[in-house]
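Note sheet for the following structure.
A short reminder: the numbers here are calculations on the coordinates, not readings from a lab. Predicted model only: the values in this text are computed from it and were never measured.
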Amino acid sequence: MKSFSLAVAMPLLLLVACGRAEPVEDLPSQEELAAAANAAAAKAMASAKADTPASRNYVNVERGFSITFPEGWEKDAAASNADGVVYQDPGAGADVRIFWQKKDGEQTLQQIVATVNEGSEGVSGDFVGDNEYRGTANDGEGNNVALRLMKQPDGSVVTASFVYPEMLSEQYQAMAERTLDSLRIFAPRDRTPEGAVPAAAGNAARP
């Protein structure tokens, strides 16, 4: 029994002996370990940043408005410009368009709404005070349209529209309301003290 136990223990003793025989100078120093740890952390942070989806928050400082788009939607760069932006739901035929329009004479918001609604069907909505309108319509091509217009103090207007296939109303109606609810207006850069930028979310995208 003793000889069997010794035979089992011998490989372990040899392994320990080999470990003890390793030269101390071959072991990494504390500085080398710290450098390796820092390098690994930096690589992990870079990887995490690369995997982070693009911001859903759009802030147009020059025109004075912001909005938050649904997760996973993509910017249509060709349809966007300095006055606004278009985001699309890939492959679903839905999009959000938000654009600034300069003041047009003494035109009231009611007149602007009437112009926007021309060519639409089943238009219905309500004015919220004198400077905001919320409504819905059908574009005549099988799409529902949710609208929100907000008039800025200088008379310019920000128009946001959420367009989606009528057959997908159950999926998109609540999403459209949340998206339009997120629309905010504020003083454009040229109307703030020294061109100050208004506070915005840390991950907010700018045009």
For a distance above 26 Å, tell me the whole-number percent of Cα pairs in the range 55-191 that qualify. 19 percent
Per residue of the range 144-158, what does 6.51 cos²θ - 1.76 cosθ + 1.60 with θ = phi - 60° give for ³J(HN,Hα)? Whole Hz please, x for Gly and Pro, Karplus curve as stated. 8, 10, 9, 10, 9, 10, 10, 8, 7, x, 7, x, 6, 10, 10
Cut-off under 5 Å, modelled amide H: who pairs with E62 long-range: R189
Show the residues, 5+ positions off or on another chain, whose built amide H is closer than 5 Å to the amide H of S182. T68
